[in-house]
Amino acid sequence: MSEDIVEPKQVDIVYETDEPVTYEVIDRVAWIMLNRPGFNNSQNGQMTYALDDAFNRATQDDDVRCIVLGGNGKHFSAGHDIGTPGRDVHKEFDKRLMLAPHTNKPAAELLYTREQEQYLGMCKRWREIPKPTIAMVQGACVAGALMLAWTCDLIVASEDAFFQDPVNPLMGIPGVEYFAHAFELPPRVAKEFLLLGERMNAQRAYSFGMVNKVVPRDELREATAAWANKLAGQGRLGNWLTKQSINHVEELRGKTSAMTAAFHMHHFAHAQNDLVYGNSIAGVSGKDAAAANKKDAGEA
Ligand code: ZN
């Protein structure tokens, strides 16, 4: 019976750090940094829950008036963890949303439950943080990393930043779980972005309004801090109401409905991959993804 509870799969997980996210408050700005630079800040469950803790800490602290999300190291983030020793899909964490455990669920229900919580649910939750948020992006901002940047109110990118969602060409999946693509980009550009899965550089992203400001790499932190400090000096409630107003406009344009529809197609594709390849991401590893990415970019 499909309703059966199953024995959770035992998978060895080796975390390289117990601090996958760092947190620091400077001048009423919380600096939340992804901190797995050795794995290009790949997002595992450990990082997701640490991020949720950090966002919640910044939200609860009345002295924090603005939040910056960045990544330590060369890249903002290479996306969801699909192959480091710390990949922890089969680990249970205390759910933050009203969802049941996922690790003891059979077949497609496992991933559907996990991604409702860890990807779609978390991103929607972070978008609603009642304080202004700024993503500070350098280097790669790929697939799952887009979702982190897109949940923020503003995006400041360095000239070397690039944005990419290659999951259709790589895995036959129509984009990452938080399907904001056609809200972040004009529809035809979003189609190009998803169908071809090629890199979009910061300047082109800026031309569509997906990025607010592009600066040289060595000015990224300074430029982000200037905006963060300005926002932190403004009225708390005004900042909250203003971001909510724009979020509401996106709702009137159907953002959540669009994301819900796409999420189910995303999971149909995961299930199809499982049936065809015995693996929900079509057996693609982090190495495969990096190699395909380099080839696309004309690198060795
Ligand atoms: Zn997924």
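The values are calculated or read from the model by the stated rules, or taken from the named source; none is laboratory data. In this text the structure is predicted, and so the values were computed from the model without any measurement. Note that we place each Cβ from the backbone using ideal geometry, even for glycine, and neighbour counts take in every protein chain shown.
Region 164-222 holds helices (runs of 4 or more DSSP H) entirely within its bounds, and those carrying 2 or more residues that are among the charged types (D, E, K, R) map to 187-196. Exactly one residue out of 279, 239 is in a loop (DSSP other than H, G, I, E, B) and among the polar types (S, T, N, Q), and it is 279.
For region 25-64, a residue qualifies if it is β-branched (Val, Ile, Thr) and touching a helix residue (DSSP H, G or I) at 6+ places or on another chain (Cβ under 9 Å), and the qualifying residues are 25, 26, 29, 32, 48, 64. None of 292, 226, 258 is away from the ligand (no atom under 16 Å from the Cβ), under 25 Å from residue 166 (Cβ atoms) and at pLDDT 95 or above except 258. Scanning region 161-182 for residues that are touching a residue at least 40 places away in the same chain (Cβ under 8 Å) and surrounded by fewer than 17 Cβ atoms within 10 Å (Cβ to Cβ) yields 169, 172. Determine whether region 63-70 contains at least one residue that is touching a Lys or Arg at 6+ places or on another chain (Cβ under 7 Å), part of a strand (DSSP E or B) and away from the ligand (no atom under 15 Å from the Cβ). Yes; the residues of region 63-70 include at least one that is touching a Lys or Arg at 6+ places or on another chain (Cβ under 7 Å), part of a strand (DSSP E or B) and away from the ligand (no atom under 15 Å from the Cβ).
Looking at 20, 37, just one residue is under 16 Å from residue 88 (Cβ atoms), within 20 Å of the chain's Cα centre (by Cα) and modelled with pLDDT of 95 or more, and that residue is 20. Going by the structure shown, is residue 248 more than 21 Å from residue 78 (Cβ to Cβ) and in a helix (DSSP H, G or I)? Answer is yes for this residue. Checked against the criteria, residue 273 does not count as polar (S, T, N, Q), surrounded by 13 or more Cβ atoms within 10 Å (Cβ to Cβ), more than 16 Å from the ligand (Cβ to nearest atom) and in a helix (DSSP H, G or I). In the set (1) within 16 Å of the ligand (Cβ to nearest atom); (2) modelled with pLDDT of 95 or more, the condition left unmet by residue 246 is number (1). Within region 12-22, identify whether any single residue is at positive phi and either out of contact with any Lys or Arg (no Cβ under 8 Å at 6 or more places or on another chain) or assigned to a loop (DSSP other than H, G, I, E, B) (or both), and answer yes or no. Checked region 12-22: no residue is at positive phi and either out of contact with any Lys or Arg (no Cβ under 8 Å at 6 or more places or on another chain) or assigned to a loop (DSSP other than H, G, I, E, B) (or both). Pairing each residue of region 252-270 that is touching a residue at least 40 places away in the same chain (Cβ under 8 Å) with any residue that is acidic (Asp, Glu) and within 9 Å of the ligand (Cβ to nearest atom), provided the two are 6+ apart or on different chains, yields C-beta distances under 8 Å for 263/115; 263/177; 266/115; 266/177; 267/115. Which of the residues belonging to region 109-157 are surrounded by fewer than 24 Cβ atoms within 10 Å (Cβ to Cβ), in contact (Cβ under 8 Å) with a residue 60 or more places away in the chain, within 16 Å of the ligand (Cβ to nearest atom) and hydrophobic (A, V, I, L, M, F, W, C)? Those that are surrounded by fewer than 24 Cβ atoms within 10 Å (Cβ to Cβ), in contact (Cβ under 8 Å) with a residue 60 or more places away in the chain, within 16 Å of the ligand (Cβ to nearest atom) and hydrophobic (A, V, I, L, M, F, W, C): 111, 120. When region 95-108 is filtered for residues that are farther than 19 Å from residue 148 by Cβ, touching a residue at least 40 places away in the same chain (Cβ under 8 Å) and either more than 16 Å from the ligand (Cβ to nearest atom) or not charged (D, E, K, R) (or both), the ones remaining, listed by number, are 103, 104, 106, 107, 108.
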